[in-house]
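Everything below concerns the one structure shown next.
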Amino acid sequence: MNINFIHPADQLVMFMQRIYDKGMTTTSGGNLSIMDEDGNIWITPAGVDKGTLNRNDIVCVRADGEVVGMHKPSSELPFHQAVYNMRPDLKAVLHAHPPALVSFSIARKNPSLDLLPSVRKMCPEVRIAVYAVPGSEELGSNIGACFADGCDIVLLENHGVCIGASNMFKAFQRFETLEYSANLEILANKIGTPRELNEEAYRVTETRTHLKMDDFIPRSISIEELAARRDMITLIHRSYKQGLFTATHGTYSVRLSDGSFVITPFGQDRAYLEEDDLVRVKAGMKEMGKTPSRAVSLHEKIYNANPEIRAILLAHPVHAMAFAVTDTVFDPRTIPESYILLRDVKRMAYGDIYLKQEETAAYFGEATPAALVENDCVIVTGANLLQAFDRLEVMESTAHSIINAASVGKIVHISEKEIEDLKQAFHLKD
């Protein structure tokens, strides 16, 4: 989907719906705007339910100050205008009150940007604007001053967050990524001490393998491949709605019977992926005209090392990732289903999936279908896509339960004898 071909009013409705549906704003909270090529500001209205916006609700504030629309523009229009005045390079402004970032705003503290490599890359700097009355010129000045210094993300004391970008999708990416990371930090603090990445760690992730692959032209598309693409899109969309990954981070693949595999593309919005966006990879070559995920090399090595694996998912479910960014052990011996599906989940060192791909691939097998990668992701595998997805859901649910259990009482794990009984009853191999 090319956002440049979508009318500003429709963009505002589309992204406000996503923000509202994901619980990152309330019926009356938040506002979005886009400045078009003529200098007009398209902005969400004041006093209209954010959950039911349509294109006719959007207000246009023309460059000469004329207001066009059936509603008043958002009361926060002054700070949108201040941002555009200070930063002519920005064409979209997003303001909302997502719970995790509001927690930091009322503590008047910046969230960490160094728990995952994707966060600092997407959100290189966050500043805090001094509190002022919402809708006031003073608030606009306070926010505008931060943007004037070149910062694109501003946390508002006791209020929320304001983000600018060259288009609304990029603003949303920054917003979603930062809220995810803030929530991750909060959860990590409940079970341990969050571990931050240093500058050297970022260089490890700068792989370009996915950009250097040769192309091949598929001669046909089999029924098997069509089914795989359909099923992948269904579960990718479901994963996004469930918060198992964000708009542009998370990689799914399915192996076909000829040894090739279909994988998610690089940098495209997971919420709107379609079957033809997915990329087929065959013998180290990629489908012509497409760019596969950065993790394509790892997926290929896992498939080569494990003929029984037919699906691989790399994702960032926030509760499971709280264990990945702390030293707290993730032990799935909580309920029978968790152990049966996940078995013993290995913790892999940060960077291994980039620097030690052969060793990483060799780890996976029937008794070791899942792993936590420090400060990066979780990896689950399966004999088919649905099994892999089930494991991902169970991993996140299990992590959620363990974190919650800490406020209930001491966790009692299933005993070694009970584990042996499960292995016998369900024919689990060591």
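Observations on the structure shown:
- Straight-distance candidates among the aspartates and glutamates for linking to Lys356, with alpha-carbon spacing under 15 Å and chain neighbours fewer than 8 residues away dropped: Glu206, Glu300, Glu374, Asp376.
- For the chain: accessible area per residue (Å², 1.4 Å): 44 Å²
- Other residues with beta-carbon under 14 Å from the beta-carbon of Ala406 carry, at +1 per Lys or Arg and -1 per Asp or Glu, a net charge of +1.
- Take every Cα pair under 8 Å whose residues are at least 6 apart in sequence, average their separation, divide by the length of the chain, and the relative contact order is 12 percent.
- Nearest 10 degrees, 0 to 90: helix 77-86 Cα axis against the chain principal axis: 80 degrees
- Carbon + sulfur, % of accessible area of the stretch 1-78 - ligands and nucleic acids excluded, 1.4 Å: 50 percent
- Of the peptides 174-182, 411-419, the order by per-residue mean of other Cβ atoms within 10 Å, starting with the highest, comes out as 174-182, 411-419.
- Electrostatic tally near Pro134: other residues with Cβ closer than 14 Å to its Cβ, Lys and Arg +1, Asp and Glu -1, net -4.
- Protein accessible area in the stretch 235-319, 1.4 Å probe - carbon and sulfur %: 49 percent
- Cross-link reach is defined here as a Cα-Cα straight distance under 25 Å, omitting same-chain residues fewer than 8 places apart; for Lys22 the lysines meeting it are Lys50, Lys91, Lys109, Lys121, Lys170, Lys190, Lys241.
- The sum of -39500 (n - 2.57) across all DSSP H runs of n ≥ 4, divided by the residue count of the chain, sets its helix-only mean residue ellipticity at 222 nm to -11500 deg cm²/dmol.
- On Cα atoms only, tilt of 168-191 relative to the major axis of the chain in degrees: 60 degrees
- With Cα atoms defining each centre, the stretch 129-158 and the stretch 311-333 are spaced 36 Å apart in the structure.
- Selection from Asn304, Met86, His400, by position along the positive dipole direction of the chain (Cβ): Asn304
- For Lys429, the lysines whose Cα comes closer than 16 Å to its Cα, not counting residues fewer than 8 places off in the same chain, are Lys417.
- Magnitude of the charge dipole for the chain, about its Cα centre and with charges confined to Cβ atoms of Lys, Arg (+1) and Asp, Glu (-1), is about 280 debye.
- Rounded if a/c under 1.5, otherwise prolate or oblate - the stretch 308-430, Cα gyration tensor axes: oblate
- The portion of the accessible surface of the stretch 145-184 made up by carbon and sulfur, rounded to a whole percent, is 39 (1.4 Å probe; DNA, RNA and ligands excluded).
The values are calculated or read from the model by the stated rules, or taken from the named source; none is laboratory data. All values reported here derive from a predicted model rather than from experimental measurement. Reconstructed Cβ throughout: ideal geometry from the backbone, glycine too, with neighbour counts over all protein chains shown. With ligands, DNA and RNA removed, areas are computed over all heavy atoms of the protein, side chains included. Shrake-Rupley method; radii C 1.70, N 1.55, O 1.52, S 1.80 Å.
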